[in-house]
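Let me begin by presenting the structure, written as structure tokens, before commenting on it.
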Amino acid sequence: MFSTTHFPKALKYWHEGKFYNWPDAHVHPMAHALHYGSSVFEGIRAYSTARGPAIFRLDEHVDRFLHSASVARMPVPYHKEKIVEIIKLVLRENKLESAYIRPLLFFAYGNLGLVPKYCPVEMIVGTWEWDAYLGEKAANGVGVYIVPWRRVHFSQLDMRAKLGGFYIQSTIVGLQARGQGCDEAVFLNIEGRVAEGPGENIFIFKDGVLKTNDMSESILEGITRGSLLEIARDLGIKTKIGPIEKEEFLTAEEAFFSGTAVEVVPITHITDGSDPADQPVKYSIGSGTPGPVTARLRNAYLDIVQGKIKAHEKWLTFING
């Protein structure tokens, strides 16, 4: 039996056509994915709206989920429409108004050679109530640590895919950053420029321009990232996509993380530990408090996901029709 302490309001999860009580587990310990990270996943959020729970950009998330599976050479046993239906079903079954949703495809029990010749692909979908990813203080800004480890290069891996085993790098640097007293890590890429966080994209604001980078900088071009670029343009904020030099990041007027789990979180302090031969140096972003552009984008984003902006209801899938 497993506790739901860190999975609030989680009642049941779906696995291969059946619902199971959350505390009950039945995946074999010799499942291929447990040993090699041979899985793909999505992080999706549903929000409480005046029309009931609504999932943000569900189609785009499921499209990426399927793309990830294709990169991992997984024969997916379900088509897109079925996956969408299952996700909605899981949300209803758990009676949640606001939730984080985790679909997972993985090579299951069969053999333990690196090549999963005899391992079927199985799917699990779980959901629970998950609030601020970086803690309650995140709205007031977080401190980040630029780690010495460089992000996997885009020439080595399809960065559009969310591959389970790939995220061990994120786990390692996340622990390293917290060991340095910071809230989150930041990767540089092989070229020495700013890449992304362990599970977040990065935006900076300087000289009237909102800037983020793209896949050529070794990032996952997040769905929230793309949404914020569109929102910024609608608000009349000038945007630019291009490389972010470390010095630009350190001297930005504002900076923030974006992502499904993190949503929009201001970065207010940076500790540069990118050179292990030097002592880490701490910097403040702007005044060391969240800036007005970040706050404006954060508020607009939260209004949209909560169904308060009619023009952006196209991004919402309402569970109750």
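The values are calculated or read from the model by the stated rules, or taken from the named source; none is laboratory data. It should be emphasised that the depicted structure is a prediction, and the values quoted were computed from it without experimental measurement. No Cβ is skipped: glycine too gets one built from the backbone with ideal geometry, and neighbour counts run over all protein chains shown.
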Which residue pairs have Cβ atoms under 8 Å apart, sit 6 or more places apart or on different chains, and have a first residue in region 203-222 that is in contact (Cβ under 8 Å) with a residue 60 or more places away in the chain and a second that is among the polar types (S, T, N, Q) and surrounded by fewer than 22 Cβ atoms within 10 Å (Cβ to Cβ)?
Leu210/Thr239; Glu217/Asn189; Ser218/Asn189
Within the set of pairs 6+ apart or on separate chains, which have a first residue in region 271-297 that is over 24 Å from Ile231 (Cβ atoms), a second that is surrounded by 11 or more Cβ atoms within 10 Å (Cβ to Cβ) and of a type in the set (Lys, Arg), and C-beta atoms under 6 Å apart?
Thr271/Lys282
The condition of being under 21 Å from Ala139 (Cα atoms) and aliphatic (A, V, I, L, M) holds, among Ile223, Ile190, only for Ile223
Among the residues of region 135-153, is any at pLDDT 95 or above, surrounded by fewer than 21 Cβ atoms within 10 Å (Cβ to Cβ), among the aromatic types (Phe, Trp, Tyr) and more than 24 Å from Phe7 (Cα to Cα)?
yes
Where residues in region 154-171 are crowded, with 16+ Cβ neighbours inside 10 Å and of a type in the set (S, T, N, Q), which of them is farthest from Tyr133 (Cα to Cα)?
Gln169
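Can you report the number of residues in region 80-134 which are over 26 Å from Pro29 (Cα atoms) and either of a type outside the set (Lys, Arg) or modelled with pLDDT under 95 (or both)?
Going through region 80-134 one residue at a time, the tally reaches 17.
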Residues of region 131-171 being assigned to a helix (DSSP H, G or I) and in contact with a strand residue (DSSP E or B) (Cβ under 9 Å, 6 or more places away or on another chain), which ones?
Ala138, Ala139, Asn140, Gly164, Gly165, Tyr167, Gln169, Ser170
Restricting to region 172-199, give me the number of residues that are assigned to a helix (DSSP H, G or I), surrounded by fewer than 21 Cβ atoms within 10 Å (Cβ to Cβ) and touching a residue at least 12 places away in the same chain (Cβ under 8 Å).
3
